[in-house]
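First up is the structure itself, then whatever we jot down about it.
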Amino acid sequence: MKHTLLTLTALALLSGSADARTWEAIKQSGTIKIATEGAFPPFNMTKGKELTGFEVDLANQLAKQLGLKVQWVTQPFDNLLIGLNQDRYDFVIASHGITPERAKAVNFANPHYCTGGAIVTRTGGPKTAAALKGKRVAVQVGTTYLENVRKVPGVGDVKTFPKDTDAQAALMAGRVDAWVGDKFTGIDLVKAQKGKVVQGDMLFRERIAMAVKKGNSSLLKELNAALAKSQANGTYAKLSNQYFGQDVRCK
Ligand code: ARG
(Lines give C-alpha, C1' and ligand atoms only; values in the text may rest on other atoms or scores of the structure.)
Protein backbone atom coordinates (compact mmCIF):
# COMPACT_ATOMS: atom_id res chain seq x y z
CA MET A 1 0.00 0.00 0.00
CA LYS A 2 2.84 2.32 0.79
CA HIS A 3 4.08 1.93 -2.74
CA THR A 4 0.61 2.49 -4.19
CA LEU A 5 0.03 5.57 -2.05
CA LEU A 6 3.28 7.09 -3.23
CA THR A 7 2.48 6.26 -6.83
CA LEU A 8 -0.93 7.87 -6.63
CA THR A 9 0.41 10.95 -4.87
CA ALA A 10 3.05 11.32 -7.55
CA LEU A 11 0.33 10.93 -10.15
CA ALA A 12 -1.71 13.67 -8.56
CA LEU A 13 1.25 16.00 -8.90
CA LEU A 14 2.04 15.01 -12.46
CA SER A 15 -1.48 15.06 -13.81
CA GLY A 16 -1.85 18.79 -14.27
CA SER A 17 -1.60 18.87 -18.05
CA ALA A 18 -4.88 18.14 -19.80
CA ASP A 19 -3.70 16.17 -22.82
CA ALA A 20 -6.52 13.69 -22.38
CA ARG A 21 -8.91 13.50 -25.31
CA THR A 22 -11.89 15.72 -24.74
CA TRP A 23 -15.40 14.54 -25.54
CA GLU A 24 -15.25 16.49 -28.84
CA ALA A 25 -12.06 14.71 -29.90
CA ILE A 26 -13.42 11.29 -28.96
CA LYS A 27 -16.69 11.93 -30.77
CA GLN A 28 -14.87 13.05 -33.85
CA SER A 29 -12.70 9.94 -33.92
CA GLY A 30 -15.77 7.71 -33.49
CA THR A 31 -13.97 5.29 -31.13
CA ILE A 32 -13.48 5.40 -27.38
CA LYS A 33 -10.56 3.64 -25.73
CA ILE A 34 -11.53 1.92 -22.48
CA ALA A 35 -9.22 0.14 -20.08
CA THR A 36 -9.98 -2.64 -17.61
CA GLU A 37 -8.14 -5.50 -15.97
CA GLY A 38 -9.99 -8.45 -17.46
CA ALA A 39 -9.30 -10.72 -14.47
CA PHE A 40 -11.94 -9.71 -11.93
CA PRO A 41 -15.01 -11.89 -12.41
CA PRO A 42 -17.91 -11.29 -12.59
CA PHE A 43 -17.11 -7.61 -13.28
CA ASN A 44 -14.40 -7.76 -15.92
CA MET A 45 -12.90 -10.98 -17.24
CA THR A 46 -12.08 -12.96 -20.36
CA LYS A 47 -14.06 -15.93 -21.63
CA GLY A 48 -11.88 -17.64 -24.17
CA LYS A 49 -10.54 -14.63 -26.02
CA GLU A 50 -13.52 -12.43 -25.37
CA LEU A 51 -13.61 -9.68 -22.78
CA THR A 52 -16.82 -9.85 -20.79
CA GLY A 53 -18.39 -9.19 -17.39
CA PHE A 54 -20.84 -6.75 -15.88
CA GLU A 55 -18.58 -3.72 -16.31
CA VAL A 56 -17.48 -4.67 -19.81
CA ASP A 57 -21.07 -5.11 -20.95
CA LEU A 58 -22.12 -1.91 -19.19
CA ALA A 59 -19.32 0.13 -20.78
CA ASN A 60 -20.11 -1.33 -24.20
CA GLN A 61 -23.73 -0.24 -23.74
CA LEU A 62 -22.74 3.24 -22.61
CA ALA A 63 -20.47 3.62 -25.63
CA LYS A 64 -23.25 2.45 -27.92
CA GLN A 65 -25.57 5.01 -26.38
CA LEU A 66 -22.93 7.66 -27.04
CA GLY A 67 -22.65 6.53 -30.66
CA LEU A 68 -19.09 5.24 -30.32
CA LYS A 69 -17.13 2.14 -31.21
CA VAL A 70 -15.01 0.68 -28.43
CA GLN A 71 -11.37 -0.23 -28.34
CA TRP A 72 -10.60 -2.24 -25.19
CA VAL A 73 -7.22 -2.22 -23.47
CA THR A 74 -6.31 -4.62 -20.64
CA GLN A 75 -3.72 -3.81 -18.00
CA PRO A 76 -2.76 -5.25 -14.62
CA PHE A 77 -5.03 -3.63 -12.01
CA ASP A 78 -2.21 -1.73 -10.35
CA ASN A 79 -1.26 0.01 -13.65
CA LEU A 80 -4.71 1.16 -14.70
CA LEU A 81 -4.80 4.65 -13.17
CA ILE A 82 -1.19 5.30 -14.10
CA GLY A 83 -1.93 4.54 -17.76
CA LEU A 84 -4.98 6.80 -17.57
CA ASN A 85 -2.84 9.73 -16.55
CA GLN A 86 -0.42 8.89 -19.36
CA ASP A 87 -3.29 9.27 -21.86
CA ARG A 88 -3.15 5.65 -22.96
CA TYR A 89 -6.94 5.39 -22.95
CA ASP A 90 -9.97 7.61 -22.33
CA PHE A 91 -11.39 6.01 -19.20
CA VAL A 92 -11.04 3.10 -16.82
CA ILE A 93 -13.77 0.75 -15.61
CA ALA A 94 -12.30 -1.83 -13.25
CA SER A 95 -14.26 -1.80 -10.00
CA HIS A 96 -12.31 1.06 -8.46
CA GLY A 97 -13.80 2.14 -5.17
CA ILE A 98 -13.96 5.90 -4.76
CA THR A 99 -11.29 6.79 -2.18
CA PRO A 100 -9.90 10.20 -1.19
CA GLU A 101 -6.42 9.06 -2.24
CA ARG A 102 -7.49 8.01 -5.73
CA ALA A 103 -9.67 11.09 -6.09
CA LYS A 104 -6.49 13.17 -5.84
CA ALA A 105 -5.13 11.47 -8.95
CA VAL A 106 -8.20 11.01 -11.18
CA ASN A 107 -11.82 12.13 -11.51
CA PHE A 108 -14.52 9.59 -10.74
CA ALA A 109 -17.86 9.33 -12.53
CA ASN A 110 -21.04 8.74 -10.55
CA PRO A 111 -20.91 5.24 -9.04
CA HIS A 112 -22.08 2.38 -11.25
CA TYR A 113 -22.50 -0.03 -8.33
CA CYS A 114 -22.30 -0.26 -4.55
CA THR A 115 -20.63 -3.11 -2.75
CA GLY A 116 -18.24 -3.96 0.04
CA GLY A 117 -15.14 -5.90 0.95
CA ALA A 118 -16.01 -9.19 2.65
CA ILE A 119 -14.12 -11.99 4.35
CA VAL A 120 -14.20 -15.48 2.84
CA THR A 121 -12.66 -18.37 4.71
CA ARG A 122 -12.55 -22.16 4.66
CA THR A 123 -15.20 -23.76 6.82
CA GLY A 124 -14.28 -23.19 10.48
CA GLY A 125 -11.97 -20.25 9.67
CA PRO A 126 -12.12 -16.59 10.80
CA LYS A 127 -15.36 -14.86 9.80
CA THR A 128 -15.14 -11.54 11.63
CA ALA A 129 -12.63 -8.70 11.84
CA ALA A 130 -11.89 -9.70 15.45
CA ALA A 131 -11.24 -13.28 14.39
CA LEU A 132 -8.62 -12.12 11.86
CA LYS A 133 -6.27 -11.42 14.76
CA GLY A 134 -2.99 -13.20 14.06
CA LYS A 135 -4.40 -14.75 10.87
CA ARG A 136 -2.91 -14.78 7.37
CA VAL A 137 -5.04 -12.90 4.87
CA ALA A 138 -4.77 -12.82 1.06
CA VAL A 139 -5.75 -9.74 -0.97
CA GLN A 140 -5.15 -8.32 -4.43
CA VAL A 141 -2.42 -5.67 -4.54
CA GLY A 142 -3.36 -2.01 -4.96
CA THR A 143 -6.92 -2.54 -3.75
CA THR A 144 -9.14 -1.13 -1.05
CA TYR A 145 -9.13 -4.68 0.41
CA LEU A 146 -5.44 -4.30 1.20
CA GLU A 147 -5.95 -0.84 2.66
CA ASN A 148 -8.79 -2.01 4.91
CA VAL A 149 -7.31 -5.34 5.99
CA ARG A 150 -4.19 -3.49 7.13
CA LYS A 151 -6.40 -1.51 9.49
CA VAL A 152 -7.74 -4.61 11.26
CA PRO A 153 -6.19 -4.58 14.75
CA GLY A 154 -3.75 -7.40 15.28
CA VAL A 155 -4.20 -8.90 11.81
CA GLY A 156 -1.45 -11.42 10.98
CA ASP A 157 0.47 -11.67 7.73
CA VAL A 158 -1.25 -9.82 4.86
CA LYS A 159 -0.18 -11.44 1.61
CA THR A 160 -0.69 -9.53 -1.65
CA PHE A 161 -1.23 -11.06 -5.08
CA PRO A 162 -1.15 -9.44 -8.52
CA LYS A 163 -4.58 -10.85 -9.33
CA ASP A 164 -7.63 -11.31 -7.14
CA THR A 165 -8.08 -14.84 -8.47
CA ASP A 166 -4.53 -15.68 -7.23
CA ALA A 167 -5.50 -14.48 -3.76
CA GLN A 168 -8.57 -16.74 -3.88
CA ALA A 169 -6.40 -19.65 -4.99
CA ALA A 170 -4.12 -19.09 -1.98
CA LEU A 171 -7.15 -19.50 0.28
CA MET A 172 -8.24 -22.67 -1.47
CA ALA A 173 -4.72 -24.09 -1.23
CA GLY A 174 -4.61 -23.42 2.50
CA ARG A 175 -1.72 -20.97 2.27
CA VAL A 176 -3.77 -18.27 4.06
CA ASP A 177 -6.63 -18.33 6.56
CA ALA A 178 -8.87 -15.86 4.75
CA TRP A 179 -9.30 -13.93 1.55
CA VAL A 180 -10.83 -10.47 1.52
CA GLY A 181 -12.44 -9.43 -1.74
CA ASP A 182 -15.61 -8.09 -3.29
CA LYS A 183 -18.87 -9.19 -1.69
CA PHE A 184 -20.33 -10.40 -5.01
CA THR A 185 -17.14 -12.17 -6.09
CA GLY A 186 -17.21 -13.89 -2.71
CA ILE A 187 -20.77 -15.09 -3.24
CA ASP A 188 -19.69 -16.64 -6.55
CA LEU A 189 -16.64 -18.29 -4.95
CA VAL A 190 -18.75 -19.83 -2.20
CA LYS A 191 -21.15 -21.20 -4.84
CA ALA A 192 -18.34 -22.57 -7.00
CA GLN A 193 -16.51 -24.21 -4.08
CA LYS A 194 -19.61 -25.82 -2.58
CA GLY A 195 -19.18 -26.42 1.12
CA LYS A 196 -15.45 -25.68 1.19
CA VAL A 197 -15.61 -21.95 1.91
CA VAL A 198 -18.01 -19.58 3.61
CA GLN A 199 -18.51 -15.83 3.52
CA GLY A 200 -17.98 -13.91 6.72
CA ASP A 201 -18.48 -10.27 7.66
CA MET A 202 -18.24 -7.28 5.39
CA LEU A 203 -15.24 -5.21 6.52
CA PHE A 204 -16.19 -2.01 4.70
CA ARG A 205 -18.54 -0.62 2.07
CA GLU A 206 -17.59 1.20 -1.11
CA ARG A 207 -18.98 2.98 -4.13
CA ILE A 208 -17.50 1.83 -7.43
CA ALA A 209 -16.98 4.22 -10.33
CA MET A 210 -15.36 4.76 -13.71
CA ALA A 211 -12.35 7.06 -13.76
CA VAL A 212 -11.26 9.68 -16.30
CA LYS A 213 -8.05 11.68 -16.33
CA LYS A 214 -8.16 14.51 -13.84
CA GLY A 215 -9.77 17.54 -15.46
CA ASN A 216 -11.48 15.70 -18.34
CA SER A 217 -14.86 17.15 -17.39
CA SER A 218 -16.36 16.97 -20.89
CA LEU A 219 -15.95 13.18 -21.01
CA LEU A 220 -17.08 12.83 -17.39
CA LYS A 221 -20.29 14.65 -18.18
CA GLU A 222 -21.09 12.34 -21.12
CA LEU A 223 -20.34 9.19 -19.11
CA ASN A 224 -22.56 10.34 -16.25
CA ALA A 225 -25.37 11.19 -18.66
CA ALA A 226 -25.11 7.82 -20.42
CA LEU A 227 -25.08 5.97 -17.08
CA ALA A 228 -28.09 7.92 -15.81
CA LYS A 229 -29.94 7.11 -19.00
CA SER A 230 -29.22 3.39 -18.80
CA GLN A 231 -30.29 3.41 -15.14
CA ALA A 232 -33.52 5.18 -16.08
CA ASN A 233 -34.51 3.15 -19.14
CA GLY A 234 -34.11 -0.37 -17.73
CA THR A 235 -30.91 -1.30 -19.58
CA TYR A 236 -28.84 -1.19 -16.42
CA ALA A 237 -31.37 -3.13 -14.34
CA LYS A 238 -31.54 -5.88 -16.96
CA LEU A 239 -27.77 -6.26 -17.09
CA SER A 240 -27.41 -6.19 -13.32
CA ASN A 241 -30.07 -8.86 -12.93
CA GLN A 242 -28.34 -11.02 -15.49
CA TYR A 243 -25.08 -10.98 -13.50
CA PHE A 244 -26.23 -10.73 -9.90
CA GLY A 245 -29.91 -11.58 -9.76
CA GLN A 246 -30.47 -8.14 -8.24
CA ASP A 247 -30.00 -4.46 -8.95
CA VAL A 248 -26.56 -3.45 -7.64
CA ARG A 249 -26.83 0.30 -8.22
CA CYS A 250 -26.15 2.59 -5.25
CA LYS A 251 -29.35 3.44 -3.47
N1 ARG B 1 -12.99 -2.61 -5.32
C2 ARG B 1 -11.62 -2.84 -5.03
C3 ARG B 1 -10.85 -1.54 -5.09
O4 ARG B 1 -11.42 -0.54 -5.27
C5 ARG B 1 -10.99 -3.86 -5.94
C6 ARG B 1 -11.01 -3.56 -7.38
C7 ARG B 1 -10.27 -4.60 -8.15
N8 ARG B 1 -10.52 -4.50 -9.55
C9 ARG B 1 -10.00 -5.33 -10.44
N10 ARG B 1 -10.30 -5.17 -11.70
N11 ARG B 1 -9.19 -6.26 -10.05
O12 ARG B 1 -9.67 -1.51 -4.95
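The values are calculated or read from the model by the stated rules, or taken from the named source; none is laboratory data. Keep in mind it's a predicted model, so treat the numbers as computed, not measured. Here Cβ is always computed from backbone atoms with ideal geometry, including for glycine, and neighbour counts include all displayed protein chains. Only protein heavy atoms, including side chains, enter the accessible area calculation; ligands, DNA and RNA are left aside. Shrake-Rupley method; radii C 1.70, N 1.55, O 1.52, S 1.80 Å.
Hey, can you find the accessible area per residue of the chain for me, probe 1.4 Å, expressed in square angstrom?
Dividing the accessible area of the chain by its residue count gives 45 Å².
Rounded to the nearest 10 Å², what accessible area does TRP72 show when all protein chains are kept and the probe is 1.4 Å?
Here the accessible area works out near 60 Å².
What's the local net charge at ALA178, with K and R +1, D and E -1, over the other residues with C-beta under 10 Å away?
+3
Using only Cα atoms, locate the centre of the stretch 172-223 and the centre of the stretch 45-106, then give the distance between them in Å, rounded to an integer.
15 Å
Restricting to DSSP loop positions (anything but H, G, I, E, B) with no more than 12 other Cβ atoms inside 10 Å of their own Cβ, which trypsin sites (Lys or Arg not before Pro) remain in the stretch 44-134?
For trypsin sites (Lys or Arg not before Pro) across the stretch 44-134 that sit outside H, G, I, E and B with at most 12 neighbouring Cβ atoms in 10 Å, the list reads LYS49.
Expressed as a whole percentage, what fraction of the accessible surface of the stretch 157-251 belongs to carbon and sulfur atoms when a 1.4 Å probe is rolled over the protein heavy atoms?
Whole-percent figure for carbon plus sulfur exposure: 50.
Quick one: net charge around GLN71, please, counting Lys, Arg +1 and Asp, Glu -1 for every other residue with C-beta under 13 Å from its C-beta. The partial results should precede the final answer.
On the way: positive: ARG21, LYS33, LYS69, ARG88; negative: ASP90.
Around GLN71, the charge tally is +3.
Can you give me the distance in nm between label points at VAL198 and ILE82, each placed 7 Å from the Cα along the Cα-to-Cβ direction?
The two pseudo-label positions are separated by 4.0 nm.
Measure off 7 Å from each Cα along the Cα-to-Cβ vector at ILE187 and GLN65, then give the distance between these two points in nanometres to one decimal.
Each label point lies 7 Å from its Cα, and together they span 2.2 nm.
For every helix of n ≥ 4 consecutive DSSP H residues, a contribution of -39,500 (n - 2.57) applies; sum these over the chain, divide by its total residues, and give [θ] at 222 nm rounded to the nearest 500 deg cm²/dmol.
After summing the helix terms and dividing by residue count, I get -11000 deg cm²/dmol.
How large, in percent, is the carbon and sulfur part of the accessible surface of the stretch 14-88 at a probe radius of 1.4 Å?
Percent of accessible area from carbon and sulfur atoms in the stretch 14-88: 49.
Please list, ordered by chain and number, the residues whose modelled amide H lies under 5 Å from the amide H of LEU203; skip anything fewer than 5 residues away on the same chain.
When sequence neighbours closer than 5 places are left aside, the close amide H contacts are GLY117, ALA118, ILE119.
What distance in nm lies between label points placed 7 Å from Cα along the C-beta direction at GLU101 and THR46?
2.9 nm
Nothing charged except the Cβ atoms of Lys and Arg (+1) and of Asp and Glu (-1): what's the magnitude of the dipole of the chain about its Cα centre? Round to the nearest 20 debye. Please list the in-between numbers first.
Values: 34 positive and 21 negative charges, 85 e Å.
That gives the chain a dipole magnitude of about 400 debye.
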